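A short worksheet on the structure shown next.
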Amino acid sequence: LVLLARTEANPLNAAAAMQAAVWAVDRNQAITQIETMEDLVDRRMAGPRVTVQILGFLAGLALLLSALGIYGVLSYLTNQRAKEIGIRVALGAVPRDVVQLVLRRGFVLAGIGLVVGCAGAAALTPLVRNILDGVQPHDARSFSMAAVALVVAAIGASAFPVVRALRLDPVRVLREE
């Protein structure tokens, strides 16, 4: 037997009155568990809540790894193109041109990640449909927020190689080769 009651005050204060009302009808009726609706919902949602927290942690870790990957690739490519950047600066390239040169690669990498990631997410969301409470599997808002997070991470990861490229001394770079 399950008994639900809506109360104005603290529901646990009404438990004794409800217990007395049940026993007035049937003294042999066992009352084994008294809890609030809030406690019941919290207990029932504990499993999905932990699953969502784990998935959120893994998503953050994936974003961090993608930012580190973009940073590593851009740093490597900037070092490889140091002579070219030095020549461009010696011939009159302004800092904006150098920034665009380096950032273009970062945005290409982020774009590839967005296309592959969105395609993978669209393919895999039906598998996690049961834990997406209140969110449609192909929710444009969620996909957009993930895309914005990746672009922000790509910009942050591109900042250090851009600064390094701007600090290159064209004379020293050209003498080293």
Check: How many residues does region 72-100 contain that are open to solvent by less than 80 Å² (accessible area, probe 1.4 Å) and either among the polar types (S, T, N, Q) or within 14 Å of Phe160 (Cα to Cα) (or both)?
Finding: 8
Notebook entry, point to check: Considering region 63-86 alone, what residues qualify as being among the small types (Gly, Ala, Ser) and within 32 Å of the chain's Cα centre (by Cα)?
Noted result: Ser66, Ala67, Gly69, Gly72, Ser75
Note to self: Could you tell me how many of the residues in region 74-103 are at pLDDT 85 or above and of a type in the set (D, E, K, R)?
What the structure shows: 2
Next item on the list: Please work out which residue is nearest to Val128 (Cα to Cα), limiting yourself to region 1-54 and to residues that are in contact with a Leu (Cβ under 8 Å, 6 or more places away or on another chain) and in a helix (DSSP H, G or I).
Entry: Met37
Notebook entry, point to check: Would you pick out the residues in region 16-59 that are more than 21 Å from Ala146 (Cα to Cα), among the aliphatic types (A, V, I, L, M), touching a residue at least 12 places away in the same chain (Cβ under 8 Å) and surrounded by 12 or more Cβ atoms within 10 Å (Cβ to Cβ)?
Noted result: Met18, Val22, Ile31, Ile34
Margin query: Quick test for you: out of Leu109, Leu166, pick the one residue that is over 20 Å from Gly60 (Cα atoms) and open to solvent by 50 Å² or more (accessible area, probe 1.4 Å).
Written below: Leu166
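The values are calculated or read from the model by the stated rules, or taken from the named source; none is laboratory data. Bear in mind the structure is a predicted one, so any value in this text is a computation, not a measurement. Don't worry about glycine lacking a Cβ; one is built from the backbone with ideal geometry, like all the others, and counts go over all protein chains shown. Just the protein is used for accessible areas: all its heavy atoms, side chains included, with ligands, DNA and RNA removed. Shrake-Rupley method; radii C 1.70, N 1.55, O 1.52, S 1.80 Å.
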